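Participant: Here you go, one structure.
The values are calculated or read from the model by the stated rules, or taken from the named source; none is laboratory data. Note that this is a predicted model, so its numbers are computed, not measured. Note that we place each Cβ from the backbone using ideal geometry, even for glycine, and neighbour counts take in every protein chain shown. Surface accessibility is based on the protein's heavy atoms, side chains included, excluding ligands, DNA and RNA. Shrake-Rupley method; radii C 1.70, N 1.55, O 1.52, S 1.80 Å.
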Amino acid sequence: MNVLILGGTTEASALASALAERSIPALFSYAGRVATPKPQPLPTRVGGFGGVEGLAAFLADKRITHLVDATHPFAERMSRNAILAAQRSGIRCLALTRPPWVPQAGDHWQRVVGIEAAVNALAGPPECILLAIGRQHLAAFAAQPQHHYLLRLVDRPEASLPLPQHRVILDRGPFTLEGDLALLREHGIQRLVCKNSGGEGAVAKLTAARQLGLPVVMIERPALPERREVHSVEDVLAWLA
Ligand code: NAP
């Protein structure tokens, strides 16, 4: 057995620890998006594979028998490539994901599909907005320049952002309810925009928004081809067994 974990999430790191503890042969792969990725207890490679073909070649070269896609639910291209490359290579593939968040009583969610729809949802008078979507699609929000955007990012953006009014806070989850309540209050946040990532590490902002009665523009997950999906490390271990 030789496992390849496509990482970049808390779940991927938990799986890496579980495999290392059991001495199950495995490799870990990062896209290389953040400056200081978390060290893993497994041999680690960094950077894209070169599409479906590149990944299929890598799987063959490293004699991978089991591919676990533990990327973020919004890493759509990588997840599609994983499904196709595994099919092409005839190896088994499993996705380790977090269940999506679902609205609870007291939530005011506007659910949208895609970044463009989230941008359009912000048409209207100026507001203070917590834009908690990572750094990839921030420029799209230049189409709504009337708002003041608070950005919470892991790394400082390399290039200047085309958002006329914004402030960057550097922080990496997991976040706490107390911390997020303080953040929303301190910056006079009136609305949040976030991705439906699921999981515990970033849920505090939604609980805080509920407590403060703030609306949330929730970007729902991209649709993927049918695939086998589990939500726990134990389920991955059972699949491997
Ligand atoms: P993406 O758009 O689906 O992927 C773009 C390309 O990046 C892929 O085609 C692949 O390049 C490369 N790539 C992505 N994940 C990789 C991995 N684990 N190992 C090697 N190459 C990888 O992905 P993304 O949204 O940019 O996410 C990149 C990474 O950040 C992922 O590891 C993801 O788990 C993490 N992340 C993403 C988000 C998010 O909101 N999107 C949030 C938190 C963490 P090739 O085609 O050349 O193989």
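Participant: Report the label-to-label distance for Arg45 and Glu229 in nanometres (one decimal), using points 7 Å from each Cα along the Cα→Cβ vector.
Facilitator: Modelled inter-label distance: 2.7 nm.
Participant: On to the next question. Which log10 I(q)/I(0) values does region 57-216 give at q = 0.19 Å⁻¹ under the Debye formula, counting every alpha carbon as one identical point scatterer?
Facilitator: -1.20
Participant: Identify all lysines with a Cα-Cα distance to Lys195 below 29 Å; exclude those on the same chain that are fewer than 8 residues away in sequence.
Facilitator: In chain and number order, the partners are Lys38, Lys205.
Participant: Moving on to the next point. Hey, can you rank 98-104, 199-205 by average C-beta count inside 10 Å, highest first?
Facilitator: Values: 98-104: 13.7, 199-205: 18.0.
Highest mean packing first, the order is 199-205, 98-104.
Participant: Do the sum for the chain: with -39,500 (n - 2.57) for every DSSP H run of n ≥ 4, divided by all residues, what is the mean residue ellipticity at 222 nm, to the nearest 500 deg cm²/dmol?
Facilitator: Values: 7 runs with 70 residues, N = 241.
Theoretical 222 nm ellipticity from helices: -8500 deg cm²/dmol.
Participant: Please calculate how many Å² of accessible area the chain carries per residue, with a 1.4 Å probe and no DNA, RNA or ligand atoms counted. Write out the running numbers ahead of the final one.
Facilitator: Values: 11880 Å² over 241 residues.
Per residue, the chain has an accessible area of 49 Å².
Participant: What's the magnitude of the charge dipole for the chain around its Cα centre, counting Lys and Arg as +1 and Asp and Glu as -1 at the beta-carbon? Answer in Debye, nearest 20.
Facilitator: 320 debye
Participant: Give me the dipole magnitude in Debye, nearest 20, for region 1-140 about the Cα centre, with unit charges on the beta carbon: positive for Lys and Arg, negative for Asp and Glu. Let's see the in-between values first.
Facilitator: Numbers: 13 positive and 9 negative charges, 88 e Å.
So the magnitude is around 420 debye.
Participant: Then there is this: Express the relative contact order of the chain as a whole percentage, based on alpha carbon pairs under 8 Å and six or more residues apart in sequence. List each step's numbers first, then the result.
Facilitator: Values: 435 pairs, mean separation 51.2, N = 241.
It comes to 21 percent, rounded to a whole number.
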